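Take a look at the structure below.
Here, each number is a calculation from the coordinates, and none is a lab measurement. Just so you know, these numbers come straight off a predicted model, no measurement behind them. Cβ placement follows ideal geometry from the backbone for every residue including glycine, while neighbour counts extend to all protein chains displayed.
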Amino acid sequence: MATLIWGAGAIGGTLGAYLARAGADITMVDAVGEHVGAITRHGLRVTGPIDEFTVRVPAVQPQAVSGTWDEIILATKAHHTDVAVRALLPHLAAGGYVVSAQNGLNELAIAEVVGAERTVGAFINFGADYLEPGVIHYGGRGAVVVGEIDGRITPRVTAIRDAWHHFDPRAIVTPNIWGYLWGKEAYGAMLFATALTNESIADALAMPAYRHLYIALAREILTVAAARTVQPEAFDGFDPAAYLATAPAGAAEGSLDALVAHNRRSAKSHSGIWRDLAVRKRPTEVDTQLGMVVTLGAEAGVPTPLTARLVALIHEIECGARPQALDALDALAATTAHTVTP
């Protein structure tokens, strides 16, 4: 089956390169003309400690796409989801589906455009970065999970899992994709907090002075998940049960230790959020990832003051009003002094 990958950056580029190398019929779409041009001229190169290879794949910009596909993998940044899914809709076959290989709860927005029955969820936690046109750095393995958004185990999600085994043999199918996505929301909030500084993910999570902050962030978001009757799933050292108020003493610290160990094994030292702020100087996904949690929390009657403050601090860095430094993390930590976390 031919596959269109919409967004050939860190996630889409890495996944698509592996699928193409395995013989899949892959076409890449990306909005960055220089990236498309480099892929067309020289192929798409994956580099890093895990693998070194180059594949030749067709690549075009969105306005040049023609034809229809049964499978479209959407791998744009979360805040580009709405524009991207409306642009790809004419290229989705009547019986086709869109797989959200993104960070966030984008399946909600995708389903509004293409329909819930044509939306497939995915949870991606591997470490990769767009280095330069035509080059993706694959720095570390992480959980790869696919699932129907209604919890069914269907032939199509099983087929996607089997194909993705060419990328990571540990890829799995789940009946609880929302559990993984909400777990990543809680862990993702920690990553946004580390991006307030110039510290690596592992170094920031290891700092004793801020561990209460990471725990409070995770607990706040997991409270919203519980209000939506979602049971978050564990992955790559993140254990959602460890951050609950009912968890045994030291459980959250143990999970943080496991997250530190997981991130130290990766050649990707900083988050994509940090890279957007410090290197690419562009807006992050904060509104569509954490801002959405604030909105969903309000709808469920769950206060999220710490998450809302984190969103505001990221915006201050985006507009140049605040530098990335431990002072920013201190400003976020100060919020916990005025917050009672459930």
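For segment 29-104, give the magnitude of the charge dipole about the Cα centre (Cβ charges: +1 Lys/Arg, -1 Asp/Glu; no others), in debye to the nearest 20.
In total the dipole reaches around 140 debye.
Please compute the length gained on full extension between Leu326 and Arg265, using 0.36 nm multiplied by the number of residues separating them and subtracting their Cα-Cα distance.
Numbers: separation 61, 0.36 × 61 = 21.96 nm, distance 2.37 nm.
Extending this stretch completely gives an extra 19.6 nm.
Of all DSSP beta bridges located in segment 30-180, what percent are antiparallel, nearest 5?
Numbers: 13 of 26 bridges.
If I count the DSSP bridges inside segment 30-180, around 50 percent turn out antiparallel.
Rg and Dmax of segment 166-213, using alpha carbons, in Å: what are they?
14.4, 41
Go ahead and estimate [θ] at 222 nm for the chain from helices alone: -39,500 (n - 2.57) per DSSP H run with n ≥ 4, summed, over the residue count, rounded to 500.
Details: 13 runs with 144 residues, N = 342.
Helices in the chain give a 222 nm mean residue ellipticity of -13000 deg cm²/dmol.
For Ala249 and Asp203, what is the calculated FRET efficiency with R₀ set at 22 Å and r taken between the beta-carbons, to the nearest 0.05? Don't skip to the answer; put the middle values down first.
Details: r = 25 Å, r/R0 = 1.12.
With R0 = 22 Å, the Cβ-Cβ based efficiency is 0.35.
Which number comes out as Rg/Rh for segment 1-83 once both Rg and the Kirkwood Rh are worked out on C-alpha atoms?
Radius of gyration over Kirkwood radius for segment 1-83 works out to 0.94.
Can you tell which of Pro58, Ala87, Ala267 lies farthest toward the positive end of the dipole of the chain, using +1 and -1 charges on the Cβ of basic and acidic side chains (Lys, Arg; Asp, Glu)?
Pro58
Please report the relative contact order for the chain, taking Cα pairs under 8 Å with a sequence separation of at least 6, and give it as a percent rounded to a whole number. Present the calculation step by step, with values, prior to reporting the outcome.
Numbers: 680 pairs, mean separation 49.4, N = 342.
It comes to 14 percent, rounded to a whole number.
Would you mind computing the Rg to Rh ratio of the chain from its alpha-carbon coordinates, Kirkwood style for Rh? Please report the intermediate quantities before stating the final value.
Values: Rg = 19.3 Å, Rh = 20.2 Å.
A ratio of 0.95.
If I model a spin label as a point 7 Å beyond the Cα along the Cα-Cβ vector, how far apart are those points for Thr68 and Arg56 in nm?
3.0 nm
With N set to the number of residues, divide the alpha-carbon radius of gyration of segment 208-266 by 2.2 N^0.38 Å and report two decimals.
On the way: Rg = 11.5 Å, N = 59, 2.2 N^0.38 = 10.4 Å.
Rounded to two decimals, the normalised Rg is 1.11.
Could you give the size of the charge dipole of the chain about its Cα centre, using +1 on the Cβ of each K and R and -1 on the Cβ of each D and E, expressed in debye and rounded to the nearest 20? Intermediate results must be reported in sequence, preceding the final value.
Values: 25 positive and 34 negative charges, 83 e Å.
The calculation lands at about 400 debye.
Please report the spacing between the Cα centers of segment 1-60 and segment 194-246 in Å, no decimals.
Computed from Cα coordinates, the inter-centre distance equals 33 Å.
Over segment 39-146, calculate the relative contact order: mean separation of alpha carbon pairs under 8 Å at least 6 apart, over the residue count, as a percent. Present the calculation step by step, with values, prior to reporting the outcome.
On the way: 194 pairs, mean separation 29.1, N = 108.
Across segment 39-146, relative contact order equals 27 percent.
So for the chain, taking the charge dipole from beta-carbon charges (+1 Lys/Arg, -1 Asp/Glu), which of Gly301, Thr47, Ala241 sits furthest toward the positive end?
It is Thr47, whose Cα lies furthest towards the positive end.
Within the P(r) computed for segment 46-87, what percentage of the Cα pairs occupies the region above 11 Å? Walk me through the intermediate numbers first.
Details: 674 of 861 pairs.
Every Cα pair in segment 46-87 considered, those over 11 Å come to 78 percent.
Rounded if a/c is under 1.5, else prolate if a/b beats b/c, else oblate: with a ≥ b ≥ c from the C-alpha gyration tensor eigenvalues square-rooted, which is segment 249-342? Don't skip to the end; give the middle numbers.
Values: a/c = 1.58, a/b = 1.06, b/c = 1.49.
Oblate, because a/c is 1.5 or more while a/b does not exceed b/c.
Let me know the charge dipole size of segment 1-129 about its Cα centre in debye, to the nearest 20, where only the beta-carbon of Lys, Arg (+1) and Asp, Glu (-1) is charged.
Values: 7 positive and 12 negative charges, 52 e Å.
Roughly 240 debye for segment 1-129.
Got the relative contact order for segment 208-342 handy, in percent, Cα pairs under 8 Å and 6 or more residues apart? Don't skip to the answer; put the middle values down first.
Working: 119 pairs, mean separation 37.8, N = 135.
Rounded, it is 28 percent for segment 208-342.
Take the alpha carbon gyration tensor of segment 95-153, find the square roots of its eigenvalues, order them as a ≥ b ≥ c, and report rounded if a/c is under 1.5; if not, report prolate when a/b exceeds b/c, else oblate. Could you put the intermediate results ahead of the total?
Working: a/c = 2.86, a/b = 1.87, b/c = 1.53.
Verdict is prolate for segment 95-153.
Need one word for segment 39-108: rounded, prolate or oblate. Basis is the Cα gyration tensor (sqrt eigenvalues a ≥ b ≥ c); a/c below 1.5 gives rounded, then a/b vs b/c decides. All intermediate terms of the calculation are to be shown ahead of the outcome.
Values: a/c = 2.10, a/b = 1.40, b/c = 1.49.
Oblate is the answer for segment 39-108, as a/c is 1.5 or above yet b/c matches or exceeds a/b.
Report the Cα centroid-to-centroid distance between segment 266-303 and segment 133-176 in angstrom, as an integer.
That distance is 22 Å.
Could you give the nm distance between label points at Thr295 and Arg280, where each point is 7 Å from its Cα heading toward the beta carbon?
Roughly 2.1 nm, to one decimal.
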